[in-house]
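S.K.: Supplied in structure tokens, the structure appears directly below.
The values are calculated or read from the model by the stated rules, or taken from the named source; none is laboratory data. In this text, all values refer to a predicted model and were calculated from it rather than measured experimentally. Please note: Cβ atoms are built from the backbone with ideal geometry, for glycine as well, and neighbour counts cover all protein chains shown. For the accessible areas, the whole protein counts, side chains as well, though only heavy atoms, and no ligand, DNA or RNA atoms are used. Shrake-Rupley method; radii C 1.70, N 1.55, O 1.52, S 1.80 Å.
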Amino acid sequence: MASILTGTMSPSHTTTTMRLFNTLSGEVDELVPSDGKELRMYACGPTVYDYGHIGNFRTFLEIDVLRRFLKLTGMSLRHVMNITDVDDKIIRNSGAAGLPIGEYTAKYVSAFFEDLDALGVERPEVIARATENIDRMVQLIQKLAEAGAAYRTDDGSWYFRIKSFPEYGKLSKKDLSGMEDGARVDVDEYEKDSARDFALWKAAKPGETSWETPIGRGRPGWHIECSAMSMEFLGDSFDLHAGGEDLMFPHHENEIAQSESVTHKPLARHWMHVRFLLVDGKKMSKSEGNFFTLRDLLLKGYKASAIRLALISVPYRHQLNFTFDGLTDATAAIDRLRTFNDRLMKGAFPAGENPDVMTAAKKARDEYFAALANDLNTAEARAPIFELVRVANTAMDQGKFHQSDREAVRTVLADFDAVFAVIADRDAEPTRRAVEWAKAEGREAEVAPELLAQVSLTDEAINALLAERDQAKKRRDFARADQIRRELMEKGIVIEDSKDGVRWKRR
Ligand code: AMP
Ligand code: ZN
């Protein structure tokens, strides 16, 4: 494939102001760094007890779209993401597997980062692991106890007293008038409508992983992890806190209560929540048979770029109904963009410009930036890009496309790809890795047959076969030339002969 696209930060768009819906205010607010320099943001990361599913990745991808767009507009970021590497499920699963929790989670931590890489999700500036920050959590619980917001129960666990924080419910706007003082819950995820005093620290149970600390032997609750680590790496009060919509209550509400009871400052000024993904119109669940990890889709033969585009094309505040038709559409859309980009970069165009193309490029760029700046409207942002491709293709067909047009269009595509990250083709590696992984895990039967053949062919092997085909043609051995073409086609390699030579791509 043609050029590696790199995003350009044009001076005209460094003044773009991002407007993003804020769950706390209930309005679309400007998102700017409060210190005028660097946007400090915290996004809740994965609980590493299994492979990530496409719902998880929708949330991480939408946050990546935000992050990439803010950078494109010239903003500096300090983005922190936690890894929850101790919780009820991890303790239960590692116990069942007979492994220490660190060994159990290591596999899923590296799988998670491999999956993020496959999807083109950039790494946050800081990755904070819960098990490496236990002392910060203990200190915060001590401060809560001093402030009268935490109490210890007979078994040695610690709880947050919700009645001590009258603002409880301000994020999720829940009416908590019927709340009972002292009613407790010690599981991390509880009923969506009931507020209960929640566990800050769980006393050690025999055989469970625990830490010896000044507040006793035990382990942290899930909510305290995020309060302690966000404040450790971003300060008492920061710009943006993000996560999936399920985290709004109780997780984020609890984070606010824990932090603000001690600091008396807003934990975060802006809160972003990504809506849940449905599959074929239903909540994803293993029993419904509509549950997919990223790896499941890669093994079916879908490209990582198509999965990325399908998951980000619906704006983050809208419900995304994931379907295989949607994935096929995304594949076709990327094909169109890549074919056009190839034509743009490799074509020979005369000097000069076509004012119509120049105008179309400027319009596309303005609309693209405006759509993303308007609460990250990815659907409206991609439309003008496809329209520009149409206009430019027509101009090329009519011989009315020039070198300056190429520069203008190239810049727009680079800005598009700085956020959408689907034109530059990085698909071969994730697919190859997924197949390797399936083999190593004894899940080869799940790999689409054409994929197995395809990944066994390296780029070098393809180029060598094409060189042989070229030689065969020169000596007029067309039977051999056709045979090579057929063989490659069967392995998913598409060959295009043009006057500039032979091009190939993986289907
Ligand atoms: P977890 O690993 O379960 O803590 O989740 C990691 C992230 O994925 C959180 O921000 C969740 O809100 C988000 N998430 C979980 N399920 C979905 C879903 N079906 N759609 C969108 N986001 C989800
Ligand atoms: Zn969190």
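S.K.: So which of ASP64, ASP50, ASP85, ASP29 is within 16 Å of ligand 2 (Cβ to nearest atom) and at negative phi?
M.R.: ASP85
S.K.: Pairs under 7 Å by beta carbon, first residue farther than 13 Å from LEU72 by Cβ and open to solvent by 60 Å² or more (accessible area, probe 1.4 Å) in region 365-382, partner modelled with pLDDT of 95 or more and in a strand (DSSP E or B), six or more apart or different chains?
M.R.: What qualifies is ASN374/ARG19.
S.K.: On the basis of being open to solvent by 30 Å² or more (accessible area, probe 1.4 Å) and assigned to a strand (DSSP E or B), does LEU278 make the cut?
M.R.: yes
S.K.: One residue is enough: does region 458-475 have a residue meeting the conditions modelled with pLDDT of 85 or more, part of a loop (DSSP other than H, G, I, E, B), under 30 Å from TYR108 (Cα atoms) and open to solvent by 50 Å² or more (accessible area, probe 1.4 Å)?
M.R.: no
S.K.: When residues of region 51-90 are filtered for being more than 9 Å from ligand 1 (Cβ to nearest atom) and among the β-branched types (Val, Ile, Thr), how many remain?
M.R.: Final tally of qualifying residues: 6.
S.K.: Residue by residue through region 433-450, note down the ones that are in a helix (DSSP H, G or I) and within 25 Å of the chain's Cα centre (by Cα).
M.R.: Matches in region 433-450: ARG433, ALA434, VAL435, GLU436, TRP437, ALA438, GLU446.
Quick grid of which residues meet (1) closer than 18 Å to HIS402 by Cβ; (2) buried (at least 20 other Cβ atoms within 10 Å of the Cβ); (3) hydrophobic (A, V, I, L, M, F, W, C); (4) touching a strand residue (DSSP E or B) at 6+ places or on another chain (Cβ under 7 Å):
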| residue | (1), (2), (3), (4) |
| --- | --- |
| ARG336 | no, no, no, no |
| GLY347 | yes, no, no, no |
| ALA351 | yes, no, yes, no |
| LYS362 | yes, no, no, no |
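S.K.: Is it the case that some residue within region 195-204 is over 18 Å from ILE162 (Cα atoms) and away from ligand 2 (no atom under 16 Å from the Cβ)?
M.R.: Checking region 195-204: at least one residue is over 18 Å from ILE162 (Cα atoms) and away from ligand 2 (no atom under 16 Å from the Cβ).
S.K.: Being among the hydrophobic types (A, V, I, L, M, F, W, C), open to solvent by 10 Å² or more (accessible area, probe 1.4 Å) and touching a Lys or Arg at 6+ places or on another chain (Cβ under 8 Å) is the requirement here; does ALA228 meet it?
M.R.: Judged against the criteria, ALA228 is not a match.
S.K.: Within region 242-253, take every residue that is near ligand 2 (Cβ under 8 Å from one of its atoms) and open to solvent by less than 10 Å² (accessible area, probe 1.4 Å) and give me the one that is nearest to the chain's Cα centre (by Cα).
M.R.: For region 242-253, the residue satisfying everything is GLY243.
S.K.: While we're here: Would you mind telling me which numbered condition in (1) more than 28 Å from LEU24 (Cβ to Cβ); (2) crowded, with 23+ Cβ neighbours inside 10 Å; (3) more than 16 Å from ligand 1 (Cβ to nearest atom) LYS300 fails?
M.R.: Among (1) more than 28 Å from LEU24 (Cβ to Cβ); (2) crowded, with 23+ Cβ neighbours inside 10 Å; (3) more than 16 Å from ligand 1 (Cβ to nearest atom), the lone unmet condition for LYS300 is (2).
S.K.: Would you confirm, using the coordinates I've provided, whether LEU234 is within 16 Å of ligand 2 (Cβ to nearest atom) and buried (at least 18 other Cβ atoms within 10 Å of the Cβ)?
M.R.: Answer is yes for this residue.
S.K.: Test ILE215 against the criterion of being of a type in the set (Val, Ile, Thr), farther than 24 Å from GLY243 by Cβ, at pLDDT 95 or above and open to solvent by less than 20 Å² (accessible area, probe 1.4 Å), and give yes or no.
M.R.: Spelling it out, ILE215 is indeed of a type in the set (Val, Ile, Thr), farther than 24 Å from GLY243 by Cβ, at pLDDT 95 or above and open to solvent by less than 20 Å² (accessible area, probe 1.4 Å).
S.K.: Restricting region 282-297 to residues that are more than 13 Å from ligand 1 (Cβ to nearest atom) and part of a loop (DSSP other than H, G, I, E, B), which is surrounded by the fewest Cβ atoms within 10 Å (Cβ to Cβ)?
M.R.: Checking each candidate, the answer is SER287.
S.K.: Report whether or not LEU277 is under 17 Å from TYR168 (Cα atoms) and either within 10 Å of ligand 1 (Cβ to nearest atom) or modelled with pLDDT under 95 (or both).
M.R.: Here the answer is no, as LEU277 does not meet what is asked.
S.K.: If ARG68 satisfies every condition in (1) closer than 22 Å to MET229 by Cα; (2) within 19 Å of the chain's Cα centre (by Cα) but one, which is the exception?
M.R.: Of everything listed in (1) closer than 22 Å to MET229 by Cα; (2) within 19 Å of the chain's Cα centre (by Cα), ARG68 misses just condition (1).
S.K.: Continuing with the same structure: Write out, first by first residue and then by second, each pair whose Cβ atoms fall under 7 Å of each other, whose residues are 6+ apart or on separate chains, and whose first residue, in region 44-58, is within 13 Å of TRP222 (Cα to Cα) while the second is within 6 Å of ligand 1 (Cβ to nearest atom) and open to solvent by less than 40 Å² (accessible area, probe 1.4 Å).
M.R.: CYS44/GLY243; CYS44/LEU247
S.K.: Looking only at region 268-277, decide whether some residue is under 30 Å from GLY36 (Cα atoms), of a type outside the set (A, V, I, L, M, F, W, C) and more than 16 Å from ligand 2 (Cβ to nearest atom).
M.R.: Yes, region 268-277 has at least one match.
S.K.: Of all residues in region 232-247, how many are touching a Lys or Arg at 6+ places or on another chain (Cβ under 6 Å) and more than 16 Å from ligand 1 (Cβ to nearest atom)?
M.R.: 6
S.K.: Give the number of residues within region 393-432 that are charged (D, E, K, R), closer than 20 Å to VAL121 by Cβ and assigned to a helix (DSSP H, G or I).
M.R.: Residues meeting the conditions: 4.
S.K.: Could you give me the residue pairs with C-beta distances under 7 Å whose first residue belongs to region 250-277 and is over 24 Å from ASP375 (Cα atoms), whose second residue is within 16 Å of ligand 2 (Cβ to nearest atom) and part of a loop (DSSP other than H, G, I, E, B) wherever it lies, and which are 6+ apart or on separate chains?
M.R.: Every condition considered, the pairs that remain are PRO250/TYR190; GLU255/LEU267; SER259/LEU267; GLU260/LEU267.
S.K.: Of everything in region 412-446, what is surrounded by 19 or more Cβ atoms within 10 Å (Cβ to Cβ), hydrophobic (A, V, I, L, M, F, W, C) and closer than 20 Å to GLY301 by Cβ? Give them in sequence order.
M.R.: Correct list: VAL422, ALA434, VAL435, ALA438.
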